[in-house]
Amino acid sequence: MSQEQEFLSRLASAHSQALEGLQSIAVQLEAGASGDDESINASKLTQEFNVWKERYVGKKAPVASLKKELGLLDPASRRHAGAELNRVRDELLDRAQELGERLVSARLGTLQSSSRIDMTELALDSFRGHIHLITQTRDELEDVFIGMGYSIQEGPEVETDWYNFEALNIPPDHPARGMFDTFYLKESVRGTQDGDRPSSSSSNKLLLRTHTSPVQIHTMSEYKPPIYMVAPGKVYRRDTPDARHIPIFNQIEGLVVDKNITFADLAGTIESFTTKYFGQDIHSRLRPAFFPFTEPSAEFEITCAICSGSGCRTCSGTGWIELGGCGMVDPNVFEHVGIDPEVWSGFAFGFGIDRCAQMRHSLVDMRVLLANDVRFLEQF
Ligand SMILES: [Zn+2]
């Protein structure tokens, strides 16, 4: 059996087990409601339902662990397997939502018919929490890239200078360091653990990563190409919070390394992501820029979602909004991780997850994303 077939068969068996569990709860609920079995009560079924949720749609569910394993498939199979995984997950979530609602109304029905409850008594309102807007945005972005055949990678938020700068072609004293206002850690030097990494004390200085790009280095050090990955996560800059900047924000990094990858592949990937995430009316364009770790480099802009490209205050009348940076991986970066730039080529891109949420929901001030004001958060 091929790796993809094996993956799909495990997905199918997790899917059918999950459906069986759900079906059994639904059948019992039905029997209780029709009076066929009076021993069934909605509270007990709700407990059973919560156990089911934990097991099949929670963080440790088979579908969630299969998502992590997508990275082990070859890129061609990953696209199909990723799409299938998204479909199964969405179906389970929809069905769980529907059954959850039926259980809530069954429980309410039981409460109202019970004489022990004094319906005139005041009860405190309870709130139903949900996932924060940033996490929702991150999950949706991950899904778009999984559907395009990418795997999800993670890296540490505390990095060494080598991973954050030097391996990305930004040596000490390089003027590009001025682009990043970095938080360094006081207790600073981490021992080398990666074989031939340089051991000078400046390379091992600890800092809070200023971008998600070090995950490129970790991934290329760990896996052989072809590589198709995205890495979402928190990054830190010494910025004073204002309407457009917050000192802790979220980025998503993308990296592709394969044979014969060209700038046209990069542009096509950015456009395809843009229409998949923002919708068919939003397009992308690239403008020349400079980043030390890519050559050539570009900034990418998308149609301003607020004025649909006709020009407004948010886009300074241009109809375009800058979303992130991208470019072809600089051969120096490949050499730092032992990948032969004569054989392999690739592109990288990175953009703000918070900025995506801002664009999609027309948020004027980014600080609301950190404020934890329920009146704001409950809208999403
Ligand atoms: Zn505009």
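The values are calculated or read from the model by the stated rules, or taken from the named source; none is laboratory data. Source: prediction; values computed, not measured. Cβ coordinates were reconstructed from backbone atoms using ideal geometry, including for glycine residues, and neighbour counts include every protein chain displayed.
Please work out if residue 14 is surrounded by 14 or more Cβ atoms within 10 Å (Cβ to Cβ), more than 16 Å from residue 99 (Cα to Cα) and either in contact (Cβ under 8 Å) with a residue 12 or more places away in the chain or among the small types (Gly, Ala, Ser) (or both).
Details: surrounded by 14 or more Cβ atoms within 10 Å (Cβ to Cβ): yes; more than 16 Å from residue 99 (Cα to Cα): yes; either in contact (Cβ under 8 Å) with a residue 12 or more places away in the chain or among the small types (Gly, Ala, Ser) (or both): yes.
Yes: the conditions hold for residue 14.
Scan the range 271-284 residue by residue and report those that are out of contact with any Leu (no Cβ under 7 Å at 6 or more places or on another chain) and in a helix (DSSP H, G or I). Break it down into steps so the answer makes sense when it comes.
Restricting attention to the range 271-284, the residues satisfying the condition of being out of contact with any Leu (no Cβ under 7 Å at 6 or more places or on another chain) are 271-276, 278-284.
Within the range 271-284, 271, 272, 273, 274, 275, 276, 278 qualify.
Determine whether residue 21 is surrounded by 15 or more Cβ atoms within 10 Å (Cβ to Cβ) and in contact with a Phe, Trp or Tyr (Cβ under 7 Å, 6 or more places away or on another chain). Before you say what the answer is, go through the steps one by one.
Numbers: surrounded by 15 or more Cβ atoms within 10 Å (Cβ to Cβ): yes; in contact with a Phe, Trp or Tyr (Cβ under 7 Å, 6 or more places away or on another chain): yes.
So residue 21 passes the test.
From (1) in contact with a His (Cβ under 8 Å, 6 or more places away or on another chain); (2) touching a residue at least 24 places away in the same chain (Cβ under 8 Å); (3) away from the ligand (no atom under 16 Å from the Cβ), pick out the condition that doesn't hold for residue 271.
If we test residue 271 against (1) in contact with a His (Cβ under 8 Å, 6 or more places away or on another chain); (2) touching a residue at least 24 places away in the same chain (Cβ under 8 Å); (3) away from the ligand (no atom under 16 Å from the Cβ), just (2) comes out false.
Can you work out which of the residues in the range 321-347 that are over 23 Å from residue 232 (Cβ atoms), touching a strand residue (DSSP E or B) at 6+ places or on another chain (Cβ under 9 Å) and free of Cβ contacts under 8 Å to residues at least 60 places away in the same chain is surrounded by the most Cβ atoms within 10 Å (Cβ to Cβ)?
331
With respect to residue 307, determine if the residue is within 16 Å of the ligand (Cβ to nearest atom), modelled with pLDDT under 85 and out of contact with any Leu (no Cβ under 9 Å at 6 or more places or on another chain).
On the way: within 16 Å of the ligand (Cβ to nearest atom): yes; modelled with pLDDT under 85: yes; out of contact with any Leu (no Cβ under 9 Å at 6 or more places or on another chain): yes.
Spelling it out, residue 307 is indeed within 16 Å of the ligand (Cβ to nearest atom), modelled with pLDDT under 85 and out of contact with any Leu (no Cβ under 9 Å at 6 or more places or on another chain).
So that you can scan it fast, the table gives a plain yes or no per residue for (1) within 15 Å of residue 267 (Cβ to Cβ); (2) more than 26 Å from the chain's Cα centre (by Cα); (3) more than 13 Å from the ligand (Cβ to nearest atom):
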{"position": "298", "(1), (2), (3)": "yes, no, yes"}
{"position": "314", "(1), (2), (3)": "no, no, no"}
{"position": "318", "(1), (2), (3)": "no, yes, no"}
{"position": "333", "(1), (2), (3)": "no, no, yes"}
{"position": "336", "(1), (2), (3)": "no, yes, yes"}
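Could you tell me whether residue 343 is within 13 Å of the ligand (Cβ to nearest atom), farther than 20 Å from residue 271 by Cα and among the aliphatic types (A, V, I, L, M)? Working first, answer last.
Details: within 13 Å of the ligand (Cβ to nearest atom): no; farther than 20 Å from residue 271 by Cα: yes; among the aliphatic types (A, V, I, L, M): yes.
Here the answer is no, as residue 343 does not meet what is asked.
Taking residue 32, is it in a helix (DSSP H, G or I), modelled with pLDDT under 85 and surrounded by 13 or more Cβ atoms within 10 Å (Cβ to Cβ)? I'd like the intermediate steps shown before the answer.
Working: in a helix (DSSP H, G or I): yes; modelled with pLDDT under 85: yes; surrounded by 13 or more Cβ atoms within 10 Å (Cβ to Cβ): yes.
Against the criterion (in a helix (DSSP H, G or I), modelled with pLDDT under 85 and surrounded by 13 or more Cβ atoms within 10 Å (Cβ to Cβ)), residue 32 qualifies.
How many of the residues in the range 172-182 are part of a loop (DSSP other than H, G, I, E, B) and surrounded by fewer than 16 Cβ atoms within 10 Å (Cβ to Cβ)?
In the first step, residues of the range 172-182 are kept if they are part of a loop (DSSP other than H, G, I, E, B); the result is 172-174, 180-182.
Keeping just the survivors that are surrounded by fewer than 16 Cβ atoms within 10 Å (Cβ to Cβ) gives 172-174, 181.
Adding up the residues that qualify gives 4.
Give just the number: which of (1) surrounded by 12 or more Cβ atoms within 10 Å (Cβ to Cβ); (2) within 17 Å of the chain's Cα centre (by Cα); (3) at pLDDT below 90 does residue 135 not satisfy?
Of everything listed in (1) surrounded by 12 or more Cβ atoms within 10 Å (Cβ to Cβ); (2) within 17 Å of the chain's Cα centre (by Cα); (3) at pLDDT below 90, residue 135 misses just condition (3).
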